[in-house]
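Here the structure is laid out as structure tokens; the discussion comes afterwards.
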Amino acid sequence: GELKGFVLTRIRKDSIYEKSGFQNDDIVEEINGVPLTDTAQAIRLLQSLRNENELEVRINRGGSTQKFTLNIH
């Protein structure tokens with residue numbers, strides 16, 4: 001089937017990911033409006049975002065869609 005995102009696992013307590021609001025088993029479906037449907041495309045997208053100060057991330061948590069805005073310092 002088609003890739004629908006990436007599952008987050010092994011998020012540690014007090015990590016930057018947990019402090020950003022992510023939880024284990026969240027599925028990252030979209031970053032800055034770009035659906036994550038292909039591994040190579042996702043890698044290219046992440047590389048292109050290295051210098052961004054803000055990211056909008058859409059996740060699926062237990063069947064519910066949520067959006068996070070992450071400020072990167």
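Before moving on, here are some points about what is shown:
- Each residue of region 56-73 was assigned a 3J(HN,Hα) from its phi angle through the Karplus curve 6.51 cos²θ - 1.76 cosθ + 1.60 (θ = phi - 60°); the sequence is 10, 10, 9, 10, 10, 10, x, x, 10, 8, 9, 10, 10, 10, 9, 8, 10, 10 Hz, with glycine and proline shown as x.
- Positive-end residue of Pro35, Ser15, Val57, charge dipole of the chain with Cβ unit charges: Ser15
- Dipole moment magnitude, nearest 20 debye, the chain about Cα centre, only Lys, Arg, Asp, Glu C-beta charged: 200 debye
- Quarter of the Cα convex hull surface for the chain, i.e. its orientation-mean projected area (nm²): 5.1 nm²
- Estimated vicinal HN-Hα couplings, Hz - region 28-40 in sequence order (Karplus 6.51, -1.76, 1.60; Gly, Pro = x): 7, 9, 7, 10, 6, x, 9, x, 8, 10, 8, 4, 4
- Karplus 3J(HN,Hα) series, Hz, for region 2-8 with 6.51 cos²θ - 1.76 cosθ + 1.60 (x for Gly, Pro): 7, 5, 10, x, 10, 7, 8
- Asp26 long-range amide H proximity, modeled H, under 5 Å: Leu8
Taken together, the values in this text are just the output of simple stated rules run on the coordinates, not laboratory data. Bear in mind that the values here come from a model prediction, so they are computed numbers and not experimental data. When we count neighbours, we look across all protein chains shown, and the Cβ atoms used for this are built from the backbone with ideal geometry, even at glycine.
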